[in-house]
1. On a 1.4 Å probe surface of the protein chains, which of Leu178, Leu36, Leu240 comes out largest in accessible area, and what is the full order?
2. Sorted by accessible area with a 1.4 angstrom probe, largest first, how do Asp76, Asp92 fall?
3. Quick one: pull the percent of accessible area on the range 166-251 belonging to carbon and sulfur, 1.4 Å probe, ligands and nucleic acids left out.
4. Could you check which residue among Arg96, Arg118, Arg131 shows the biggest mean-square fluctuation in a GNM of the chain with a 10 Å Cα cutoff?
5. Just how much of Asp223 is accessible, in Å², when a 1.4 Å probe is used and the result is rounded to the nearest 10?
6. Can you pull the accessible area of Arg13 for me, 1.4 Å probe, Å² to the nearest 10?
7. Once you order the gyration tensor axes a ≥ b ≥ c over the Cα atoms, which shape class does the range 1-94 get: rounded for a/c under 1.5, otherwise prolate or oblate by comparing a/b with b/c?
8. Show me the helices of the chain, taken as full DSSP H stretches, that run 15 Å or more along their long axis by Cα and average 0.5 or above in Kyte-Doolittle hydropathy.
Amino acid sequence: MTGFIGALVFLTRVPIRTRRSLDTATSVPWFPVAGLLIGAVVGGVAALLEPWASPSVAAVVAVSIGLLVTGCFHEDGLADVADAFVGGWTRDDRLRILKDPRHGTYGVAALVASVLVRVLALGTLVSYGPRVAFAGAVVAHGLARSGAVGTMIVGRPATGDGLGADYVARLARGRSALGITVALIASVALVGWWAAVAIGMVVLSAWAVSAWATRRIGGFSGDVLGAIEQVGEMTVLVALSIVAGHHQLWW
């Protein structure tokens, strides 16, 4: 359980205290499972508010709670990638921008788009019922983090230092694959055949962001992994919001 606790400490701002030292690299295999839990919090808030508030209000509150829980961790990576990859002219320039804690126009625009897309898509799921909203949020968060872990398994870091390189150097690939499998099984259990659509969107979005990162800086970084999670979360929620309008959940 140390790895799971480490994943929660790294991915959230929940005040968890432990007497054992936590190694982030050994916690990576638990990221998809931690994502399922974070998604349960977001989806739970949306489901609880569904009888009392409009779908849009329920979605705004739920997504905002998610931002508080995670401390906008992945959002920061998305903003850095947008600033660096769109605004940087050379590889060195892009790497420098990735390390800059400040956000420019492209980064802010990416953040706004991310929040808007997630709120509107989750709001659509809320309109189809609390169970649909809960299931969609859990699947989106779990699979999005699975996409980032999968990138670490098959991809290559852009540089020899930084979080991305550190993860890959000490990554337990077998355990990481198991963590992804848990998220896949949970997704199928929650949404049935809809999971095939969600998984396909995560694979496609992770590949697209990874390919873009390879062209821009030669591989992935910690910020790129954050961007992969964000894009994956958005695409899954959008895909499920579309499917929900035409098909019923398997249960």
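The values are calculated or read from the model by the stated rules, or taken from the named source; none is laboratory data. Quick caveat, the model's predicted, so the values are computed rather than measured. Note that we place each Cβ from the backbone using ideal geometry, even for glycine, and neighbour counts take in every protein chain shown. When the accessible area is computed, the model is the full protein with side chains, heavy atoms only, and any ligands, DNA or RNA have been set aside. Shrake-Rupley method; radii C 1.70, N 1.55, O 1.52, S 1.80 Å.
1. Details: Leu178 110, Leu36 25, Leu240 0 Å².
From most accessible down to least: Leu178, Leu36, Leu240.
2. Result of the area sort, largest leading: Asp92, Asp76.
3. Working: 2710 of 3840 Å².
Ligands and nucleic acids excluded, carbon and sulfur reach 71 percent.
4. Arg96
5. 30
6. Only protein atoms counted, so the area is about 130 Å².
7. Details: a/c = 2.93, a/b = 1.14, b/c = 2.56.
It comes out oblate by the Cα gyration axes.
8. Working: long enough: 31-49 (27 Å, 2.28); 55-70 (22 Å, 2.14); 73-87 (21 Å, 0.35); 105-127 (33 Å, 1.82); 130-154 (36 Å, 1.12); 173-191 (27 Å, 1.48); 194-217 (34 Å, 1.24); 222-244 (33 Å, 1.39).
Span-like helices in the chain: 31-49, 55-70, 105-127, 130-154, 173-191, 194-217, 222-244.
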